[in-house]
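**Student:** Take a look at the following structure, please.
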Amino acid sequence: MTVMGVLDEIVDTARYPLADPEGEGWRAAVGTAAAELAATGCHVLREFVRPELVETLRTQGAAIAPDAYYKVERVNAYNIPLDSELPQDHPGAIVLERGNAFVPRDLIPADALIHRLYVSEVFQRFVADCFGLPGLHEFADPLAGLCLNVVAPGMSHPWHFDTNEFTVSMLTQPAEAGGVFEFCPNIRSAEAENLDDVRAVLTGTGDHPVRRLDLRPGDLQLFQGRFSLHRVSPVSGAVQRHSAIFAYTDRPGVIGTVERTRQLFGRVLPDHVAAAASAVRGDRLLD
């Protein structure tokens, strides 16, 4: 099957006519996404996956969810060590409990819908166009490039920033209750941490706006999580929340830090250790 065929097979092309990257349908979808990303740092393409494949999407995620690395940990919003030397009132000194789990890329079957989308060159070009980039690279990290995020009842993915600037995700199974994606649009920038605003959100004080998204299975979410503080609220009921995370970057060679890799996956590969001394970074923000 051709690369374009993969996109045709998985994407609802009646809703999103992406067969021609130079065509009117492609330009319209990109224009809508680019405008909302510029305004809020987030855009959702509703029902991106063909409706007849939504149940397949869910069952494939449910099949690998038991492989997720699970460990409740004390973390902070920057995913840096808790013993980092920070001022007492720094938001990085606020300790949060992270209870979500991740299935890493090396445990996701190559024929899974989410993997086939992730490696599709046409899909990557579409995402790059939405972000206004000349191209995108798959995350070089052998574990974090593509993963399934699992949030069990009673757990949450607390407030945090992403390491990479551009994140693409897709809900594959909603929680019975809770598990809402919440974010603070562009609360920081590459030039400014805006610590007071971040601290206000973490402590529940102040009036910085928090937006909430009602996501459904098969929705494609484009997000600039490097600059927008975000979380998945606590899950309740009897059903886990599953979402695929497609990690791309606008520069090659990006690999997660040793500390964050250990937090998320419970193991570190030689790639992470080798990259630690010469990490490819695009800014000087905390992680």
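**Student:** Return the single residue from Thr172, Thr163, Thr59 with maximal mean-square fluctuation; model: Gaussian network over the chain, springs between Cα atoms under 10 Å.
**Tutor:** Thr59
**Student:** Using θ = phi - 60° and the Karplus form 6.51 cos²θ - 1.76 cosθ + 1.60, what ³J(HN,Hα) does each residue of region 44-55 get, whole Hz, x for Gly and Pro?
**Tutor:** 10, 9, 5, 6, 5, 7, 3, x, 6, 9, 4, 5
**Student:** What value, in deg cm²/dmol to 500, does the helix sum -39500 (n - 2.57) over DSSP H runs of n ≥ 4 give at 222 nm once divided by the residues of the chain?
**Tutor:** Working: 8 runs with 78 residues, N = 287.
Estimated from H runs of four or more residues: -8000 deg cm²/dmol.
**Student:** Let me ask another. Could you tell me how far the Cα centroid of region 107-148 sits from the Cα centroid of region 222-236, in Å?
**Tutor:** 19 Å
**Student:** Tell me, Kirkwood radius of region 75-115 from alpha-carbon pair distances, in Å? If you can, show how the numbers build up before the last one.
**Tutor:** Numbers: mean 1/r = 0.0773 Å⁻¹.
Hydrodynamic radius (Kirkwood, Cα only) of region 75-115 equals 12.9 Å.
**Student:** Using Cα pairs closer than 8 Å and at least 6 residues apart in sequence, work out the relative contact order for the chain, in percent.
**Tutor:** Numbers: 600 pairs, mean separation 72.1, N = 287.
For the chain, the relative contact order is 25 percent.
**Student:** Seen from all sides and averaged, what is the projected area of the convex hull of the Cα atoms in the chain, in nm²? Write out the running numbers ahead of the final one.
**Tutor:** Working: hull surface 58.1 nm².
Projected area, direction-averaged: 14.5 nm².
**Student:** Just to be sure I understand the curve: with the Debye formula and one point per C-alpha of region 132-204, what is log10 I(q)/I(0) at q = 0.16, 0.20, 0.22, 0.28 Å⁻¹?
**Tutor:** Log10 of I(q)/I(0), two decimals: -0.85, -1.17, -1.25, -1.36.
**Student:** While we're on this one: Out of residues 5 or more away from Val11 or on other chains, whose amide H comes under 5 Å of its own, with H placed 1.01 Å from N in the peptide plane?
**Tutor:** Long-range HN contacts for Val11: Arg50.
**Student:** Along each of the three principal axes of the Cα atoms of region 170-248, give the extent in whole Å, ordering the values from largest to smallest.
**Tutor:** Largest to smallest, the principal-axis extents are 38, 30, 14 Å.
**Student:** Whole number please: convex hull volume per residue of the Cα set in region 67-216, in Å³?
**Tutor:** Working: hull volume 22.7 nm³, N = 150.
Taking the convex hull of the Cα positions in region 67-216, it is 151 Å³ per residue.
**Student:** For the chain, take the longest principal axis of its alpha carbons; what is the angle in degrees between that and the long axis of helix 121-131, to the nearest 10 within 0 to 90?
**Tutor:** For helix 121-131, the angle is close to 60 degrees.
**Student:** Next up: Would you mind computing, in nm to one decimal, how far apart the modelled labels at Glu85 and Glu9 are, each placed 7 Å from Cα along Cα→Cβ?
**Tutor:** Placing both labels 7 Å beyond Cα along the Cβ direction yields 5.6 nm.
**Student:** Residue by residue, what Karplus-based ³J(HN,Hα) values in Hz, rounded to whole numbers, does region 95-107 have, using 6.51, -1.76 and 1.60 with θ = phi - 60° and x for Gly and Pro?
**Tutor:** After applying 6.51 cos²θ - 1.76 cosθ + 1.60, I find 8, 10, 10, 9, x, 7, 10, 10, 8, x, 4, 6, 10 Hz.
**Student:** Specify the residue with the greatest mean-square fluctuation among Pro217, Pro153, Pro66, computed from a Gaussian network of the chain linking alpha-carbon atoms under 10 Å apart.
**Tutor:** Ranking Pro217, Pro153, Pro66 by mean-square fluctuation puts Pro66 first.
**Student:** Right, next: Per residue of region 209-217, what does 6.51 cos²θ - 1.76 cosθ + 1.60 with θ = phi - 60° give for ³J(HN,Hα)? Whole Hz please, x for Gly and Pro, Karplus curve as stated.
**Tutor:** Ordered by residue, 3J(HN,Hα) equals x, 10, 9, 10, 10, 8, 8, 10, x Hz.
**Student:** Quick one: among Ile187, Ile94, Ile108, which has the greatest mean-square fluctuation in a GNM of the chain with alpha-carbon springs under 10 angstrom?
**Tutor:** In the Gaussian network model the winner is Ile94.
**Student:** Here is a further query. For region 1-119, take every pair of Cα atoms, bin their distances at 10 Å starting from 0, and report each bin as a whole percent.
**Tutor:** 11, 26, 28, 23, 12, 1
**Student:** Please say if region 144-287 is rounded, prolate or oblate, where rounded means a/c under 1.5 for a ≥ b ≥ c the square roots of the C-alpha gyration tensor eigenvalues, and otherwise the choice is prolate for a/b larger than b/c and oblate otherwise?
**Tutor:** Working: a/c = 1.78, a/b = 1.20, b/c = 1.48.
Judged from the Cα gyration tensor, region 144-287 comes out oblate (a/c at least 1.5, b/c at or above a/b).
Read-outs: derived from the displayed coordinates by stated rules, not from any lab. Predicted, not measured: the structure shown is a model, and the values here were computed from it. As a convention, Cβ positions derive from the backbone with ideal geometry for all residues, glycine included, and neighbour counts pool all protein chains shown.
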